[in-house]
Amino acid sequence: QVQLVESGGGLVQPGGSLRLSCAASGITFSGYVMSWYRQPPGKQRELVATITSGGSTNVADSVKGRFTISRDNAKKMVVLQMNNLKPEDTCVYYCNARFMSIAYWGQGTKVTVSS
């Protein structure tokens, strides 16, 4: 059974930081492309950051310089470090694991940026 379990969301003030974690089980983690998506209220889900099996990363322009994605294959975990958070970062954040045409999603973790 494949599981992606996100954690680390919560309420933070503008300018603050949060660290989201996604723990994977049931997959050969090291072979998967791992990504974080987010879905703002009332809007479509959007790609935030991706890290390949080889460790190459890509982040959306909207978060470049503020968010960093990393992975630990031994722990089967992917992390999204979010700094200098803004109110527009308020979203539900989802972990995604992809291998060719196979994709899995976590249940999401809510991030609220507000003073």
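The values are calculated or read from the model by the stated rules, or taken from the named source; none is laboratory data. The shown structure was predicted, so the numbers you read here are calculated from the model rather than taken from an experiment. Here the Cβ is made from the backbone with ideal geometry for all residues, glycine too, and neighbour counts use every protein chain on show. Heads up: the accessible areas ignore ligands, DNA and RNA and are worked out on the full protein's heavy atoms, side chains in. Shrake-Rupley method; radii C 1.70, N 1.55, O 1.52, S 1.80 Å.
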| query | Can you name every residue in the range 26-74 that is in contact with a helix residue (DSSP H, G or I) (Cβ under 7 Å, 6 or more places away or on another chain) and not in a strand (DSSP E or B)? | reply | SER53, ASN73
| said: Just checking, does the range 65-75 include any residue being within 15 Å of LEU4 (Cβ to Cβ), in contact with a strand residue (DSSP E or B) (Cβ under 6 Å, 6 or more places away or on another chain), surrounded by 17 or more Cβ atoms within 10 Å (Cβ to Cβ) and of a type outside the set (S, T, N, Q)? | reply: yes
| query | Of the residues that make up the range 81-99, is at least one of a type in the set (Phe, Trp, Tyr) and either crowded, with 17+ Cβ neighbours inside 10 Å or touching a Lys or Arg at 6+ places or on another chain (Cβ under 7 Å) (or both)? | reply | yes
| field | Pairs where the first residue, in the range 84-104, is assigned to a loop (DSSP other than H, G, I, E, B) and at pLDDT below 95 and the second is hydrophobic (A, V, I, L, M, F, W, C) and open to solvent by less than 70 Å² (accessible area, probe 1.4 Å), C-beta under 9 Å, 6+ apart | value | none
| If you take the residues in the range 15-56 that are in contact (Cβ under 8 Å) with a residue 24 or more places away in the chain and of a type in the set (Lys, Arg), which one is least open to solvent (accessible area, probe 1.4 Å)? | ARG38
